[in-house]
1. Please state which of the following conditions residue A:51 fails to meet, knowing it meets all the rest: (1) within 14 Å of chain B (Cβ to nearest Cβ); (2) touching a residue at least 40 places away in the same chain (Cβ under 8 Å); (3) part of a helix (DSSP H, G or I).
2. Quick one: how many residues across the stretch B:1-33 are touching a residue at least 40 places away in the same chain (Cβ under 8 Å), over 15 Å from residue B:43 (Cα atoms) and in a helix (DSSP H, G or I)?
3. In the stretch A:153-171, which residues are within 21 Å of residue A:92 (Cβ to Cβ) and either in a helix (DSSP H, G or I) or under 14 Å from the mean Cα position of the chain (by Cα) (or both)?
4. Can you find a residue in the stretch A:55-65 that is over 28 Å from residue B:144 (Cβ atoms), surrounded by fewer than 24 Cβ atoms within 10 Å (Cβ to Cβ) and either modelled with pLDDT of 95 or more or in contact with a strand residue (DSSP E or B) (Cβ under 9 Å, 6 or more places away or on another chain) (or both)?
5. Does the stretch B:212-222 include one or more residues that are free of Cβ contacts under 8 Å to residues at least 24 places away in the same chain and either within 16 Å of residue B:302 (Cβ to Cβ) or in a loop (DSSP other than H, G, I, E, B) (or both)?
6. Would you tally the residues in the stretch B:103-116 being closer than 16 Å to residue A:154 by Cβ and in contact with a helix residue (DSSP H, G or I) (Cβ under 7 Å, 6 or more places away or on another chain)?
7. Given the structure, is residue A:96 buried (at least 24 other Cβ atoms within 10 Å of the Cβ) and more than 26 Å from residue B:126 (Cβ to Cβ)?
8. If the requirement is being at pLDDT below 95, under 19 Å from residue A:161 (Cβ atoms) and crowded, with 21+ Cβ neighbours inside 10 Å, which of these qualifies: A:278, A:321?
């Protein structure tokens, strides 16, 4: 099954999620409604809502669960949006997905309260489920995500970031919300505990693979595909896996050029030469191999779910992440 | 009973709340820990924790509830701190309680993730109670607070803000978190529903009185007492009750001077003359009368709780708010 077929299979529900998002983003404030519109129009893969919906097929919640799943899927996307809007302030990013960020289009002030509003709206939606297990998982996820945000700031421009530290950070920044999405969908559909546990592990590995690939694409993607300049992470001082491999195992010249770049002693042309040097150093292949390892683990978890027809969607999804170039 | 006696009666628990706050504000990030320390040292009345603790005396939770109340009290103060840190970004405020704000001491970027972290920490603490009623009330409160933050921005520099709009905004910005504090304490202590309802109403009126008084003191307090220049709200375009009264009922000269000030056409000296004009217009007395009305309603609600010894703390608290000058 190809990824487009997965999206096709959930077309109606994903359409309902968009409608729900539009409703949730409407506010008494015209400016905030406009900012919401702006975020919605920027699109995105809606990976998290899709995972809520797919996970919802592992239980037998019936028609009643269907509407709840759409609501939950929209809420999870709101959390994701909230973190992006605040991250863009913290990272001083002006472009995302080829569009101006909220802070660039308006200002940091608007982005602060827009992000607060998005998160608050999501909390309010999810509290309506009145399920303490959901509330606890949500609080833990939001807490860990904010720790990830903090850690990323502390690690900026540091050449001594270890792979372990990097994994911990992307777990917090990405994998846990993806895991929460799957948990939420499975829970709403009344999925048995053991299956929920497997689904969570699948989602965790998939989320890790997703972020490692994302960090690789930041180096290897073209600006047209990325919607932002390539090498953005490095320029912002964000030391991701390709940089970590280069720093620990690259050839001495590239290694010291990268250190110098992190200390800010590089011109634009030197930075471009550096990106090429990192490419030649084998760091991209090594990074890809790490992503493969997470993909492989995710697939292994799926073996145990093969009795469920919906597992084929998850297979297609992780296969897409394995191959994705955007 | 005087307010100092109330604080004395809860001295041990409030001390435990400070210890708990210190623990919660510690983070793996040295910078964030320092920012937390900075916020903690700035002090504050700890009104919300105090209300959690007092409300906890209306049930019979026993020793087990005592520790839970301290945890809940600290969590509520964290929510309050989180909103202050983000509000200061949105309002571009450099001073609060006579100290530099987080954004002034560090920058907006740090203030964004510090605020996110504080809120996330609080959510995580409160989710530990595994009480869907608490989670729902919390989500509603955070959601309404963010709507209040948004509304305040939309109303900036607008001379047509009505009293009703003002009440709605301060309800969201202040009264609901105070109401939530009391709800939380009462709930943890296992207080009967009917009493919880009364306590909430008391807290709501007290919260409204508190904010109206706060907005009055912004005009009438000295910079030494306020820890920031007097007339700050007006300078920031925040149209509060004294300004609303002046705009609707002040004498024509003061009224048009105020309109001009909101359009930014005033020098510093003209602003000072304006503050005096507002003082002479009777707006302060009218604002005080509104605060009195809320105080009176809070006291009326307390009549129905006179069988409870802890009600005397609530009486002292609202009496303090009635008279407070700082």
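The values are calculated or read from the model by the stated rules, or taken from the named source; none is laboratory data. Because the structure is predicted, anything quoted here is derived from the model rather than measured. Reconstructed Cβ throughout: ideal geometry from the backbone, glycine too, with neighbour counts over all protein chains shown.
1. Condition (1) is where residue A:51 drops out.
2. Result for the stretch B:1-33: 8.
3. A:153, A:154, A:155, A:169, A:170 - these are the residues of the stretch A:153-171 that are within 21 Å of residue A:92 (Cβ to Cβ) and either in a helix (DSSP H, G or I) or under 14 Å from the mean Cα position of the chain (by Cα) (or both).
4. yes
5. Yes.
6. Of the residues in the stretch B:103-116, 8 are closer than 16 Å to residue A:154 by Cβ and in contact with a helix residue (DSSP H, G or I) (Cβ under 7 Å, 6 or more places away or on another chain).
7. It is false that residue A:96 is buried (at least 24 other Cβ atoms within 10 Å of the Cβ) and more than 26 Å from residue B:126 (Cβ to Cβ).
8. A:278
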